[in-house]
Amino acid sequence: MHRSGFLIFFIIIAAITLLLDWYVFAGLKTFTSDWQSSKFRNAVTFGYLVISIGITLLFLVGISSFTTAKGMTPFHEWVLSLFLSFFITKIFFVLILFLGDIGRFFYGIVNNLAKPKGKVIEPFFPARRRFISEIAILVAAVPLSGFLYAMLKGKYDYKVHRETLYYSDLPDAFDGFTITQLSDIHSGSFDNASAVQRGIDIAKAQKSDLFVFTGDLVNNAAWEIEPYINRFSQLKAPFGQFSILGNHDYGDYIEWASEAEKAANLDKLKEHHKALGYRLMLDENVVIEKDGQKISLIGVQNWGRGFIQLGDLDKALRGVDKDAFKILLSHDPTHWEEKVRYNPTTIHLTLAGHTHGAQFGVETTAFRWSPVQYRYLDWAGLVNEKNRYLYVNRGFGFLAFSGRLGIWPEITVITLKKKLA
């Protein structure tokens with residue numbers, strides 16, 4: 001971030017945060033007003049200020065190094081996450097307090113308008129009632145506890161999502177064929193290796209026929225995956241392990257000393273895919289054969305609306321029989337929306353990721369919501385367009401916000417079935 005831009009950002013964030021802190025401080029003073037011990041009162045009110053302002057300063061100092069060669073490290077993500085957690089919690093607290101203040105303001109006006117002539121009612125603006133501060137604390141505790149759960153547990157609370165897809169033109173030999181998909185590992189964000197291993201163990205336990213990884217192995221730099229190569233290389237399948245690149249794998253979001261250094265980083269990342277035992281597919285296809293019958297697996301580089309667009313689907317389809325059963329690995333679901341679903345060549349199944357489901361939202365059998373839906377038409381789960389399927393994985397890892405709430409990390413298992421005539 002440039003110095004002038006950072007200074008403006010610093011001033012704006014500091015001003016907003018201090019205003020919120022002042023309001024919360026006033027509410028906490030009301031809440032503790034009848035406590036007999038002044039030490040306890042000061043511990044709560046001034047202790048809050050020290051913690052809140054400290055987190056804000058730590059955040060503002062930390063963001064100045066987000067674009068360095070290391071990019072956003074787990075430390076940066078924790079600082080950002082704590083700041084966001086406190087910031088949003090303060091907004092909830094202040095909103096309740098503000099509504100209470102509006103109420104007492106109008107109460108004062110009505111009382112004074114209704115007073116007998118010549119009689120003074122004091123005070124015009126009644127004192128803030130303690131129970132309003134109590135309500136504000138209870139309401140603010142909901143987002144704060146949610147954020148803390150997301151950061152401490154939710155981001156490693158792996159869920160297995162299963163889908164069974166039926167096709168009339170699926171080769172008989174592949175009836176019951178299973179695919180395990182991971183996406184968006186973002187290894188540079190991990191801060192608990194044993195928790196990551198639990199997720200890998202769950203993926204291994206699926207014992208699928210094929211394993212695929214659909215992009216964003218790292219946040220930016222190839223070295224981020226190195227501590228986890230021995231772990232993710234445990235993922236094996238009888239018909240192989242295949243991978244593609246996502247937008248973060250190209251190193252576009254940090255500063256490099258030169259283009260040559262950036263290119264060398266990508267070359268190193270490709271070598272890491274080999275070390276993991278993954279066949280990295282760069283606009284190409286392979287044949288998966290079982291009992292003399294075949295399906296085509298196609299993999300493209302990243303192509304995303306508003307992101308890097310290197311993927312060449314036409315190139316990847318070269319040599320593929322038009323009647324072949326086709327599975328495409330493509331990181332960004334907007335590629336399916338714009339290039340795949342109406343393509344003259346029928347691609348039966350596209351596996352994507354990228355959105356993370358925003359790492360926050362609500363998913364029930366009757367209702368789904370995430371803020372990411374305002375950016376992506378297809379942001380999680382299964383989509384069907386005239387028997388051309390897209391599956392969007394919610395992501396194995398996390399980025400920026402060091403947590404997940406409601407949209408949990410995902411391991412996908414897809415079963416292909418022969419549709420009977």
*Count - residues of the range 374-421 that are acidic (Asp, Glu) and within 13 Å of the chain's Cα centre (by Cα)*: 1
*open to solvent by 50 Å² or more (accessible area, probe 1.4 Å), of a type in the set (A, V, I, L, M, F, W, C), modelled with pLDDT of 95 or more and touching a Phe, Trp or Tyr at 6+ places or on another chain (Cβ under 9 Å) - does that describe any residue in the range 233-252?*
yes
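Which one of these is open to solvent by 10 Å² or more (accessible area, probe 1.4 Å), touching a helix residue (DSSP H, G or I) at 6+ places or on another chain (Cβ under 7 Å) and of a type in the set (Asp, Glu): 216, 209, 191?
Exactly one of 216, 209, 191 is open to solvent by 10 Å² or more (accessible area, probe 1.4 Å), touching a helix residue (DSSP H, G or I) at 6+ places or on another chain (Cβ under 7 Å) and of a type in the set (Asp, Glu), namely 191.
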*Do we have any residue at all in the range 197-219 that's over 16 Å from the mean Cα position of the chain (by Cα) and closer than 22 Å to residue 303 by Cβ?*
yes
*Of the residues that make up the range 339-349, is at least one open to solvent by 10 Å² or more (accessible area, probe 1.4 Å) and in contact with a Gly (Cβ under 6 Å, 6 or more places away or on another chain)?*
no
*For the range 150-196, enumerate the residues that are under 14 Å from the mean Cα position of the chain (by Cα), of a type in the set (Gly, Ala, Ser) and assigned to a helix (DSSP H, G or I).*
150, 154, 187, 188, 189
*Could you identify the single residue in 227, 238 that is more than 29 Å from residue 308 (Cα to Cα) and in contact (Cβ under 8 Å) with a residue 12 or more places away in the chain?*
238
*Determine whether the range 277-284 contains at least one residue that is in contact with a strand residue (DSSP E or B) (Cβ under 7 Å, 6 or more places away or on another chain) and within 17 Å of residue 336 (Cβ to Cβ).*
yes
*May I ask you to verify whether residue 322 is in a strand (DSSP E or B), farther than 21 Å from residue 156 by Cα and basic (Lys, Arg)?*
no
_So in the range 377-414, with the set limited to residues that are among the aromatic types (Phe, Trp, Tyr) and surrounded by 23 or more Cβ atoms within 10 Å (Cβ to Cβ), which one is nearest to residue 351 (Cα to Cα)?_
391
*Filter the range 330-366 down to residues that are under 17 Å from residue 161 (Cβ atoms) and touching a residue at least 40 places away in the same chain (Cβ under 8 Å), then give me how many there are.*
15
*What single numbered condition from (1) under 28 Å from residue 224 (Cβ atoms); (2) of a type outside the set (Val, Ile, Thr); (3) open to solvent by less than 60 Å² (accessible area, probe 1.4 Å) fails to hold for residue 58?*
(3)
*Of all residues in the range 72-95, which are crowded, with 20+ Cβ neighbours inside 10 Å, of a type in the set (A, V, I, L, M) and over 30 Å from residue 220 (Cβ atoms)?*
94
*If you take the residues in the range 318-338 that are small (Gly, Ala, Ser) and surrounded by 13 or more Cβ atoms within 10 Å (Cβ to Cβ), which one is nearest to the chain's Cα centre (by Cα)?*
330
*Looking at the range 155-169, which of its residues are surrounded by 17 or more Cβ atoms within 10 Å (Cβ to Cβ), under 14 Å from residue 398 (Cα atoms) and out of contact with any helix residue (DSSP H, G or I) (no Cβ under 6 Å at 6 or more places or on another chain)?*
155
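Residues are listed down the side, and each one gets a yes or a no for (1) over 25 Å from residue 159 (Cβ atoms); (2) of a type in the set (A, V, I, L, M):
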| position | (1), (2) |
| --- | --- |
| 211 | no, no |
| 221 | yes, yes |
| 224 | no, no |
| 237 | no, yes |
| 276 | no, yes |
| 286 | yes, yes |
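The values are calculated or read from the model by the stated rules, or taken from the named source; none is laboratory data. Model, not experiment: these values are computed from the prediction. Methodologically, a virtual Cβ is constructed for each residue, glycine included, from the backbone with ideal geometry; neighbour enumeration extends over all protein chains shown. With ligands, DNA and RNA removed, areas are computed over all heavy atoms of the protein, side chains included. Shrake-Rupley method; radii C 1.70, N 1.55, O 1.52, S 1.80 Å.
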